[in-house]
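Colleague: For reference, the structure I am asking about is given below.
The values are calculated or read from the model by the stated rules, or taken from the named source; none is laboratory data. Nothing here was measured: the structure is a model prediction, and the numbers come from that model. Note: ideal-geometry Cβ built from the backbone for every residue, glycine included; neighbour counts use all protein chains shown. Just so you know, the surface numbers come from the protein's heavy atoms only, side chains and all, with ligands and any DNA or RNA stripped out. Shrake-Rupley method; radii C 1.70, N 1.55, O 1.52, S 1.80 Å.
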Amino acid sequence: MLDFFAAHTIPLDDWTQSLVEWLTLNLRPFFQMIRWPVAHTLDGVEAVLVGAPPSVVLGLAFVLAWQVAGLRVAAFTVAALLFLGFTGVWTAAMTTVSLVATAVLFCLLIGVPLGLLAGRSNRFEAAIRPLLDAMQTLPGFVYLVPIVMLVGIGNVPGVLVTVVFALPPIIRLTSLGLRQVPDTIVEAAYSFGSSSWQVLFKIQLPIALPTILLGINQTLMMALSMVVIASMIAVGGLGQMVLQGIGRLDIGLATVGGIGIVVLAMVLDRVTQGAATPAGENATFYRRGPIGLALMAANKRPRAPGPADALSDGRNAR
């Protein structure tokens, strides 16, 4: 009678096993259907990053980092990618970037709308909060078994498990960004006759954008941290190198793969943080970087005189 835990237990493990088996038998076609958009997106991104010559990828990375985060971050990005190339892990690094980029894209497609809904509805935010707590608390290894049973193994299941693992930050920080918008600004917009959509897209989202970008940064970092864990279900990239090095006790291979993941994390973190706090006194996106230089050059280019110029000259002569 004193040890009542031995006589009365909750069979949570049996319930979980029965639930996964039921999902496998009844909803496996649905989960297989989910593979289609993920697989096509991943194939497209990987075809660009892995199939293109390294010089092209370096040029695109430099231009993108310069536009988003500034010239210093762009120079650091190129130097880091050159380091990965000269250490012989270019293909594995590009595969890892493809996996992370695809996972973050689907996290944004799912997480931003859910975050906006949670930021505008207290009931919905309270309903999903326990689920988000559980998703952030569970170890990444826990997600592998149901994903393997429902979807299989390979890069596509790796992207799916990464999406589930990295989804909570973007939902939470999007909701937080909307809730941090001052009520006085929102009430003033409504008093001037703005609709709910106008308040959302013209007031709340611009003010909450730095917090949302911080959520993207955290989601990206969590997705990259899942690379090594997802390699246990035959996901390629740098994580596979680390796993093989551990399995073979090859410290060199594991070190090269681990350093490659660290370098990629530094690059992605600096680029996304630069997007959240751009240089140049928060300059408008299209007024800085290569796009800003192109616009300045276009404005300075002399144009051919037109009818308006002739009319202006005639008025000046009068």
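Colleague: Taking the criterion of being open to solvent by 50 Å² or more (accessible area, probe 1.4 Å) and within 21 Å of the chain's Cα centre (by Cα), would at least one residue in segment 92-104 satisfy it? Quick ask: steps written out before the conclusion?
Modeller: Step one: of segment 92-104, the residues open to solvent by 50 Å² or more (accessible area, probe 1.4 Å) are none.
There is no residue in segment 92-104 that is open to solvent by 50 Å² or more (accessible area, probe 1.4 Å) and within 21 Å of the chain's Cα centre (by Cα).
Colleague: Would you check if there is a residue in segment 185-192 being assigned to a helix (DSSP H, G or I), in contact with a Ser or Thr (Cβ under 8 Å, 6 or more places away or on another chain) and at pLDDT below 90? Talk me through it step by step, then tell me what you get.
Modeller: Narrowing segment 185-192 to residues assigned to a helix (DSSP H, G or I): 185-191.
Now narrow it down to the ones that are in contact with a Ser or Thr (Cβ under 8 Å, 6 or more places away or on another chain): none.
Checking segment 185-192: not a single residue is assigned to a helix (DSSP H, G or I), in contact with a Ser or Thr (Cβ under 8 Å, 6 or more places away or on another chain) and at pLDDT below 90.
Colleague: How do the pairs read when you match residues in segment 132-156 that are closer than 15 Å to residue 166 by Cα and free of Cβ contacts under 8 Å to residues at least 60 places away in the same chain with residues anywhere that are crowded, with 18+ Cβ neighbours inside 10 Å and aromatic (Phe, Trp, Tyr), using Cβ under 8 Å and keeping only pairs 6 or more apart or on different chains?
Modeller: 135/165; 143/165
Residue-wise test of (1) modelled with pLDDT of 85 or more; (2) part of a helix (DSSP H, G or I); (3) open to solvent by 30 Å² or more (accessible area, probe 1.4 Å); (4) more than 25 Å from residue 38 (Cβ to Cβ).
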residue: 126; (1), (2), (3), (4): yes, yes, yes, yes
residue: 136; (1), (2), (3), (4): no, yes, yes, no
residue: 146; (1), (2), (3), (4): no, yes, yes, no
residue: 156; (1), (2), (3), (4): yes, yes, no, no
residue: 160; (1), (2), (3), (4): yes, yes, no, no
residue: 168; (1), (2), (3), (4): yes, yes, no, no
residue: 174; (1), (2), (3), (4): yes, yes, no, no
residue: 221; (1), (2), (3), (4): yes, yes, yes, no
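Colleague: Moving to a separate point now. Are any residues in segment 183-209 loosely packed, with under 15 Cβ neighbours inside 10 Å and over 27 Å from the mean Cα position of the chain (by Cα), and if so, which ones? Give the derivation first.
Modeller: Step one: filter segment 183-209 for residues loosely packed, with under 15 Cβ neighbours inside 10 Å, giving 183-185, 187-188, 190-193, 195-198, 201-202, 206, 209.
Of everything in segment 183-209, those that are loosely packed, with under 15 Cβ neighbours inside 10 Å and over 27 Å from the mean Cα position of the chain (by Cα) turn out to be 183, 184, 185, 187, 188, 190, 191, 192, 193, 195, 196.
Colleague: Sort out which residues of segment 105-114 are in contact with a Leu (Cβ under 7 Å, 6 or more places away or on another chain) and open to solvent by less than 70 Å² (accessible area, probe 1.4 Å), and write them in order of number. Can you show your working first?
Modeller: Quick first cut of segment 105-114, residues in contact with a Leu (Cβ under 7 Å, 6 or more places away or on another chain) only: 107, 110-111.
Matches in segment 105-114: 107, 111.
Colleague: Those residues that are out of contact with any Ser or Thr (no Cβ under 6 Å at 6 or more places or on another chain) and either among the small types (Gly, Ala, Ser) or open to solvent by less than 40 Å² (accessible area, probe 1.4 Å) (or both), I need them from segment 231-244; list them, please. Before the answer, list the steps.
Modeller: Going through segment 231-244, the residues out of contact with any Ser or Thr (no Cβ under 6 Å at 6 or more places or on another chain) turn out to be 231-235, 241-242, 244.
231, 233, 234, 235, 241, 242, listed by residue number.
Colleague: Looking only at residues in segment 38-60 that are free of Cβ contacts under 8 Å to residues at least 24 places away in the same chain and open to solvent by less than 50 Å² (accessible area, probe 1.4 Å), which one is nearest to residue 162 (Cα to Cα)?
Modeller: Per the stated criteria, the residue is 44.
Colleague: Return only the number of the condition from (1) open to solvent by 70 Å² or more (accessible area, probe 1.4 Å); (2) small (Gly, Ala, Ser); (3) under 15 Å from the mean Cα position of the chain (by Cα) that residue 215 does not satisfy.
Modeller: (1)
Colleague: Has segment 304-314 got at least one residue that is more than 17 Å from residue 94 (Cα to Cα), modelled with pLDDT under 85, surrounded by 11 or more Cβ atoms within 10 Å (Cβ to Cβ) and of a type in the set (A, V, I, L, M, F, W, C)?
Modeller: Taking every residue of segment 304-314 in turn, none turns out to be more than 17 Å from residue 94 (Cα to Cα), modelled with pLDDT under 85, surrounded by 11 or more Cβ atoms within 10 Å (Cβ to Cβ) and of a type in the set (A, V, I, L, M, F, W, C).
Colleague: Which residue pairs have Cβ atoms under 8 Å apart, sit 6 or more places apart or on different chains, and have a first residue in segment 7-19 that is farther than 19 Å from residue 144 by Cβ and without any contact (Cβ under 8 Å) to a residue 12 or more places away in the chain and a second that is among the hydroxyl-bearing types (Ser, Thr, Tyr) and exposed (fewer than 10 other Cβ atoms within 10 Å of the Cβ)?
Modeller: none
Colleague: In contact (Cβ under 8 Å) with a residue 24 or more places away in the chain, within 30 Å of residue 261 (Cα to Cα) and β-branched (Val, Ile, Thr): is that true of residue 164 in this structure?
Modeller: Details: in contact (Cβ under 8 Å) with a residue 24 or more places away in the chain: yes; within 30 Å of residue 261 (Cα to Cα): yes; β-branched (Val, Ile, Thr): yes.
When the stated conditions are applied, residue 164 passes them.
Colleague: Looking only at segment 160-172, decide whether some residue is of a type outside the set (A, V, I, L, M, F, W, C) and more than 17 Å from the chain's Cα centre (by Cα).
Modeller: The answer is no, given that none of the residues of segment 160-172 is of a type outside the set (A, V, I, L, M, F, W, C) and more than 17 Å from the chain's Cα centre (by Cα).
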